[in-house]
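K.L.:
Submitted below is the structure of interest, expressed as structure tokens.
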Amino acid sequence: MMKIYDWPTGPYPARVRIALAEKGMRAAVRFVSVDLWKGEHKKPEFLAKNYSGTLPVLELEDGTFIGECTAITEYLDALDGAPTLTGRTAREKGVIHMMSKRAELEVLDAVSVYFHHATPGLGPDVELYQNPEWGFRQRDKALRGMHYFNSILEKRPFIATDAFSMADISLIGGLIFADLVKLPIPEECTALRDWWARMQERPSVKHRVAFSEPALATP
Ligand code: GTS
């Protein structure tokens, strides 16, 4: 059975949990918790699995480790020969990858930097270097990113194409993180707020944390 190393409530882990649920594959993996708050992701044992020291990581049955949410999602989406999340045509693949990366750069990663640099983050034992000014700049970048995605959602129902995709999942990760750090979507971003309300009703998003319960994780 494949394993996912993650932290159940983490925004990046959420992306892979959502992808698994959307693909109907959650019973195909076993979740292994790595305690971020204790810094377990920076210990040599975990760094051997993922050089970057971040969650989530997928371990295949042959022992291959795949880090990075985008790479994990692409792997899972290719497994069943029906790539519903990462695009079927060359055009879809290109556009979805671009918009997913943009959701990371402009919102999710920016909120993450804000959390690690301008708030207590994971605490003094884990946050060995903090630069609050950089953190606040990234917070402002995330707010600009929200306005950008609002303008996209004024024109179409989903981030990249007319269908739900990995790009939506990446922005969902960003808004989960924004909720955690109490960075609200600006009032005037009504299209983004409506989309976020719709996304939170998707079962894959709503029940993402419960996936780690053993009863749900085993077939
Ligand atoms: N680019 C990576 C990816 O897409 O997988 C980033 C992963 C990432 O930052 N994961 C967070 C992490 O490990 C997990 S969580 O904060 O969302 O729970 N953070 C810990 C750290 O020390 O950076």
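The values are calculated or read from the model by the stated rules, or taken from the named source; none is laboratory data. No experiment lies behind these values; they were computed from the predicted model shown. In this analysis, Cβ positions are derived from the backbone assuming ideal geometry, glycine residues included, and neighbour counts consider all displayed protein chains.
K.L.:
Name every residue in segment 92-114 that is farther than 16 Å from ARG15 by Cβ and either touching a Pro at 6+ places or on another chain (Cβ under 7 Å) or within 13 Å of the ligand (Cβ to nearest atom) (or both), in order of residue number.
P.N.:
If the condition is that a residue be farther than 16 Å from ARG15 by Cβ and either touching a Pro at 6+ places or on another chain (Cβ under 7 Å) or within 13 Å of the ligand (Cβ to nearest atom) (or both), then VAL113, TYR114 are the ones that fit.
K.L.:
Please find, within segment 43-69, the residue that is nearest to the ligand (Cβ to nearest atom) out of those that are charged (D, E, K, R) and part of a loop (DSSP other than H, G, I, E, B). It would help to see each step written out before you state the result.
P.N.:
Kept after step one, since they are charged (D, E, K, R), are these residues of segment 43-69: 43, 45, 49, 59, 61-62, 68.
From the residues that got through so far, the ones that are part of a loop (DSSP other than H, G, I, E, B) too are 43, 49, 61-62, 68.
Values: LYS43: 12, LYS49: 12, GLU61: 21, ASP62: 21, GLU68: 5 Å.
Applying the filter and picking the extreme gives GLU68.
K.L.:
Okay, moving on. Quick one: in segment 2-42, which of the residues that are assigned to a loop (DSSP other than H, G, I, E, B), at negative phi and more than 12 Å from the ligand (Cβ to nearest atom) is surrounded by the most Cβ atoms within 10 Å (Cβ to Cβ)?
P.N.:
Out of the qualifying residues, it is LYS23.
K.L.:
May I pose another question? Can you tell which of GLY63, GLY53 is surrounded by fewer than 20 Cβ atoms within 10 Å (Cβ to Cβ), free of Cβ contacts under 8 Å to residues at least 60 places away in the same chain and closer than 30 Å to LEU143 by Cα?
P.N.:
Details: GLY63 fails: closer than 30 Å to LEU143 by Cα.
Testing whether each residue is surrounded by fewer than 20 Cβ atoms within 10 Å (Cβ to Cβ), free of Cβ contacts under 8 Å to residues at least 60 places away in the same chain and closer than 30 Å to LEU143 by Cα leaves just GLY53.
Rundown of residues vs (1) part of a helix (DSSP H, G or I); (2) farther than 22 Å from GLN200 by Cβ; (3) at pLDDT below 95; (4) of a type in the set (Gly, Ala, Ser), yes/no style:
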{"position": "ALA71", "(1), (2), (3), (4)": "yes, yes, no, yes"}
{"position": "ASP125", "(1), (2), (3), (4)": "no, yes, yes, no"}
{"position": "ASP140", "(1), (2), (3), (4)": "yes, yes, no, no"}
{"position": "LEU143", "(1), (2), (3), (4)": "yes, no, no, no"}
{"position": "ALA160", "(1), (2), (3), (4)": "no, no, no, yes"}
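K.L.:
Right, next: For segment 115-126, which residues satisfy the criterion of being buried (at least 20 other Cβ atoms within 10 Å of the Cβ) and more than 10 Å from the ligand (Cβ to nearest atom)?
P.N.:
Listed by number, the list holds a single entry, HIS117.
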